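Comments concern the structure below.
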Amino acid sequence: MEDRQVLKVGDRVEQMCVTCKEERGHIVASVSKSGKVTRVSCPICHSRVPYKGGATRTPSTKIGTPYDRARTYRRGQTMMHPNFGEGEVTAVIETGKIDVLFADRMRRLIHAGA
Ligand SMILES: [Zn+2]
């Protein structure tokens, strides 16, 4: 079975964001001809940084906790939505609302709030 990860622009990779000082899923911003990710951008602070991955890091397995509107989400948390797939909370808008970045676009979801 071929398990080599082929990434393309718009995919997500885990990387430490130097601005946020947190490890999070970054969006692949550019890929070299040989298929290596060269630059990624942080969905929170929007900084574009060189991809330092290199290490054989498997896509985060911590992602996949099913979305549950009864939960309280915090910025940076990840979820697996039944319709939209994997997402990461990029902002808590107001009590009961969160912005979640999914593979295709940002969506506003509800949650329990604080
Ligand atoms: Zn950041």
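The values are calculated or read from the model by the stated rules, or taken from the named source; none is laboratory data. For clarity, every value in this text was computed on a predicted model and none was experimentally measured. Note that each Cβ is placed from the backbone with ideal geometry, even for glycine, and that neighbours are counted across all protein chains shown. The protein model used for the area step is the full one, side chains on, heavy atoms only, and it has no ligands, DNA or RNA in it. Shrake-Rupley method; radii C 1.70, N 1.55, O 1.52, S 1.80 Å.
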Determine the pairs where a residue that is more than 17 Å from CYS45 (Cα to Cα), located within segment 95-111, has a partner that is of a type in the set (Phe, Trp, Tyr) and open to solvent by less than 20 Å² (accessible area, probe 1.4 Å) with Cβ atoms under 8 Å apart, the partner being 6 or more residues away or on another chain.
HIS111/TYR73
Does segment 37-65 hold any residues that are more than 16 Å from the ligand (Cβ to nearest atom), modelled with pLDDT under 85 and more than 22 Å from MET79 (Cα to Cα), and which are they?
GLY54, ALA55, THR56
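Would you check which residues across segment 13-28 are within 13 Å of the ligand (Cβ to nearest atom) and in a strand (DSSP E or B) and list them? Reasoning before the result, please.
The initial filter retains those residues of segment 13-28 that are within 13 Å of the ligand (Cβ to nearest atom), namely 14-27.
Correct list: GLU14, GLN15, MET16, CYS17, GLU22, GLU23, ARG24, GLY25, HIS26, ILE27.
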Sort out for me the strands (runs of 3 or more DSSP E) sitting completely within segment 62-114 that have 1 or more residues that are aromatic (Phe, Trp, Tyr).
97-102
